[in-house]
Amino acid sequence: MQNEKVIINLRFKSILSTEEICKLSDDRKYLLKNTKGLISLFCYINEETNTIGGTYIFRNMELAQHYLGLFLTEGLGPKYGVIPKTLKIDIGCLKDEIHGRNA
């Protein structure tokens, strides 16, 4: 199942403000657009819970796991001010995709 699309949902709380997180994300858009195997990324902030997250879709598991390794080891996690015990990562193969009428 090497060629199945893979979804990663990554969420955390940060020591940084919402504005700082948005600036960091904006500054990294070019790098993210050129991330090997990345099909799409949806970033989100829940101001009620002070949670920041991203839902990534990759071409396959190998490329998704490679990106996660870089996120955790090359300082992107710390750059975003991730509070370690709040980091949650879910990863799995995308089995179905439904498009709404207005999509």
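The values are calculated or read from the model by the stated rules, or taken from the named source; none is laboratory data. What you see is a predicted model; the values in this text were computed from it and never measured. For neighbour counting, all protein chains shown are included, and Cβ atoms are generated from backbone atoms with ideal geometry for every residue, glycine included.
When the residues of the range 66-94 are filtered to those that are of a type in the set (K, R) and touching a residue at least 24 places away in the same chain (Cβ under 8 Å), the one that is farthest from F12 (Cα to Cα) is K79. When G53, G69, G77 are checked against the criterion of being assigned to a helix (DSSP H, G or I) and within 22 Å of L94 (Cα to Cα), a single residue qualifies: G69. Which one is modelled with the highest pLDDT, of the residues in the range 20-37 that are surrounded by 14 or more Cβ atoms within 10 Å (Cβ to Cβ) and closer than 17 Å to Y67 by Cβ? Checking each candidate, the answer is G37.
Within the group I15, I39, I45, which residue is touching a residue at least 60 places away in the same chain (Cβ under 8 Å) and of a type in the set (A, V, I, L, M, F, W, C)?
I15
How many residues, within the range 69-103, are among the small types (G, A, S) and modelled with pLDDT of 85 or more? Spell out how you get there, then give the answer.
Residues of the range 69-103 that are among the small types (G, A, S), as a first pass: 69, 75, 77, 81, 92, 100, 103.
Within this subset, residues satisfying the condition of being modelled with pLDDT of 85 or more are 69, 81, 92, 100.
Result for the range 69-103: 4.
Which numbered condition in (1) touching a Leu at 6+ places or on another chain (Cβ under 9 Å); (2) part of a strand (DSSP E or B); (3) small (G, A, S); (4) without any contact (Cβ under 8 Å) to a residue 24 or more places away in the chain is the only one that S25 fails? That leaves (2) as the condition not met. Looking at the range 96-103, is at least one residue free of Cβ contacts under 8 Å to residues at least 40 places away in the same chain and aliphatic (A, V, I, L, M)? So far as the range 96-103 goes, yes, one or more of its residues are free of Cβ contacts under 8 Å to residues at least 40 places away in the same chain and aliphatic (A, V, I, L, M).
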